[in-house]
Amino acid sequence: MLDVQQARRDTPGCFERVFLDSAGSSLPPTPVVDTVVAHLRREAEVGGYAAANERLGDLAEVKASLGRLFGVDATSMALSDSASRAWTSFFYAVPLEPGDRILLSQAEYAANAVAALQRGRATGASVEVVPSDDAGRIDVEALRELLDERVKLVSVVHAPTNGGLVNPVREVADAAHAVGALVLLDACQSVGQLPVSVPELDVDALSGTGRKWVRGPRGTGFLYVRPRLILDLEPAMIDLHSATWTSPDTYELAPDASRFEMWETDVAARLGLGAAIDYLLDLGLDAVVEAIGYRAEHTRDGLERIPGVTVHDRGAPLNGIVSFTVDGIEPTAVRDALAAQAITVTVSSRSSTLLDMSQRKLDAVVRASPHYFVSPADVDRFLVAVRSLT
Ligand SMILES: Cc1ncc(COP(=O)(O)O)c(C=O)c1O
């Protein structure tokens with residue numbers, strides 16, 4: 001059972017406002033903020049290199065903590081500065097040639113989609129979309145019909161940016177592997193709010209961010225790559241950390257996932273990411289998942305009871321992102337009216353998930369994403385505020 005009062009004490013921002021934007025950029029807990037600030041102060045005292053050298057063990061522990069979270073070895077983890085950087089560093093390393101096929105999910109995030117289109121243009125590979133079922137989830141039967149040995153990669157978004165959907169990742173992975181395709185999981189919105197076990201999901205690579213449900217600092221991200229793939233993949237861009245310059249015209253790529261990293265990094269943020277993962281592991285993922293699920297359900301149920309409000313999340317299971325619209329009021333106006341009452345939500349617009357939003361004829365939705373530090377009273381205050389708009 002999660003100690004919500006302690007979690008709230010560790011999150012001073014949640015006393016000032018009803019914070020419902022962990023799908024955007026969450027409120028980091030005090031131990032994360034303290035870790036980052038302490039390291040910045042230390043850099044100011046002794047210089048960035050000496051300060052980093054003092055924390056080499058802790059920096060190595062960041063990957064070990066991520067490995068514990070995902071059930072994988074630390075050497076299969078690479079750190080980056082965003083989820084998109086992590087996603088693209090794997091994606092651009094997958095060899096493609098004319099006639100190859102890339103499959104995307106209907107709820108694909110714009111950053112992934114534009115990268116896929118760019119690579120399709122550059123290599124002659126085709127980019128296709130796997131149809132969704134009535135609830136918006138990847139239709140695994142339709143996927144099986146699309147798959148053949150020319151499909152080199154299937155991208156699957158675990159939880160999309162614009163709502164409560166959860167894609168059937170393991171079924172997608174099994175189907176894709178049957179024809180030898182790789183599976184790249186965009187876990188940006190699922191890590192920290194849903195169970196994400198690599199052995200259970202059996203994906204070949206996974207990307208995520210620190211700043212959302214993990215409650216880490218901005219400018220942090222991570223990539224998992226299946227160990228037996230690492231040696232076969234050459235990142236599109238490398239530096240003296242990803243590879244060693246071994247003779248005037250040769251280099252050797254790092255033997256582990258660090259070949260997907262570059263040398264320079266925000267060390268304070270990286271230590272903060274480690275603190276955030278450890279904070280999450282200490283709370284216990286099961287308790288966190290349960291607490292978020294309860295709050296999202298409370299939020300959805302309450303919204304559904306307000307005349308003039310439409311909740312857009314369909315199917316089951318659902319994740320902690322609640323998406324809705326209010327009749328006759330633009331989503332941005334809803335967001336701004338709530339902000340005036342110290343309630344933080346965001347708007348997810350069509351261009352972020354163009355295919356899904358177009359299919360559902362939606363231009364924008366309001367997104368409320370309650371984390372475990374949000375109290376039931378906070379959710380009630382939000383519901384009263386939405387009702388007052390209608
Ligand atoms: C589903 C999904 N994938 C990827 C991203 C990109 O993350 P980042 O901004 O860290 O690159 C986001 C960001 O909102 C997202 O919601």
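The values are calculated or read from the model by the stated rules, or taken from the named source; none is laboratory data. Since we're looking at a predicted model, the values are computed, not measured. Every residue, glycine as well, gets a Cβ built from its backbone with ideal geometry; the counts of neighbours run over all protein chains shown. Accessible surface areas use protein heavy atoms only, side chains included; no ligands, DNA or RNA. Shrake-Rupley method; radii C 1.70, N 1.55, O 1.52, S 1.80 Å.
Summing charges over neighbours of D133, with a neighbour being any other residue whose Cβ is under 15 Å away from its Cβ, gives -3 when K and R count +1 and D and E count -1.
Gain in length, S126 to A74, computed as 0.36 nm per residue apart minus the alpha-carbon separation, to one decimal in nm?
On the way: separation 52, 0.36 × 52 = 18.72 nm, distance 3.39 nm.
Contour length minus Cα-Cα distance gives 15.3 nm.
Provide L147, L56 ordered by accessible surface of protein heavy atoms (probe 1.4 Å), highest first.
Descending order: L56, L147.
Given in Å, the Rg to one decimal and the Dmax to the nearest whole number for the Cα atoms of the stretch 31-282 are 18.5, 61. The residues of the chain expose, per residue, 43 Å² of accessible area to a 1.4 Å probe. Hydropathy at least 0.0 by Kyte-Doolittle, axial extent at least 15 angstrom from the Cα trace: which helices of the chain, defined as entire DSSP H runs, fit? Helices passing the filter in the chain: 30-46, 56-70, 110-123, 267-283, 376-389.
Using R0 = 45 Å, the C-beta based FRET efficiency linking D249 and R170 works out to 0.50. Scattering from the stretch 1-150 was approximated by placing one identical point on each alpha carbon and applying the Debye formula without solvent; log10 I(q)/I(0) at 0.09, 0.11, 0.20, 0.21 1/Å stands at -0.53, -0.75, -1.28, -1.32. For the chain, adding -39500 (n - 2.57) for each run of n ≥ 4 DSSP H residues and dividing by the number of residues yields -12500 deg cm²/dmol at 222 nm. Of the accessible area of the stretch 31-282, computed with a 1.4 Å probe over protein heavy atoms only, carbon and sulfur atoms account for 54 percent.
For K361, a cut-off of 30 angstrom between C-alpha atoms picks up these lysines, skipping any fewer than 8 places away in its own chain: K212. Considering only DSSP beta bridges whose two residues both sit in the stretch 31-282, what percent are antiparallel, to the nearest 5? Taking every DSSP beta bridge with both residues in the stretch 31-282, the antiparallel ones total about 45 percent. Taking other residues whose beta carbon is less than 13 angstrom from the beta carbon of D380, and scoring Lys, Arg as +1 and Asp, Glu as -1, yields +2.
In this Cβ point-charge picture (+1 for Lys and Arg, -1 for Asp and Glu), the chain has a dipole of about 880 debye about its Cα centre. Database remark: amide H of D21 closer than 5 angstrom to the amide H of S369 (H placed geometrically; neighbours at sequence offset of 5 or more, or on other chains; Pro and chain starts carry no H).
Take every Cα pair under 8 Å whose residues are at least 6 apart in sequence, average their separation, divide by the length of the chain, and the relative contact order is 24 percent. Sum up the charges of everything whose Cβ sits under 10 Å from the Cβ of G210, counting Lys and Arg as +1 and Asp and Glu as -1, but leave G210 out. After counting each charged neighbour, the total is +4. Net charge dipole, the stretch 351-390: roughly 100 debye, given to the nearest 20, about the Cα centre with Cβ charges of +1 for Lys and Arg and -1 for Asp and Glu.
Let me know the charge dipole size of the stretch 234-390 about its Cα centre in debye, to the nearest 20, where only the beta-carbon of Lys, Arg (+1) and Asp, Glu (-1) is charged. Walk me through the intermediate numbers first.
Details: 13 positive and 23 negative charges, 198 e Å.
Magnitude of the dipole: close to 940 debye.
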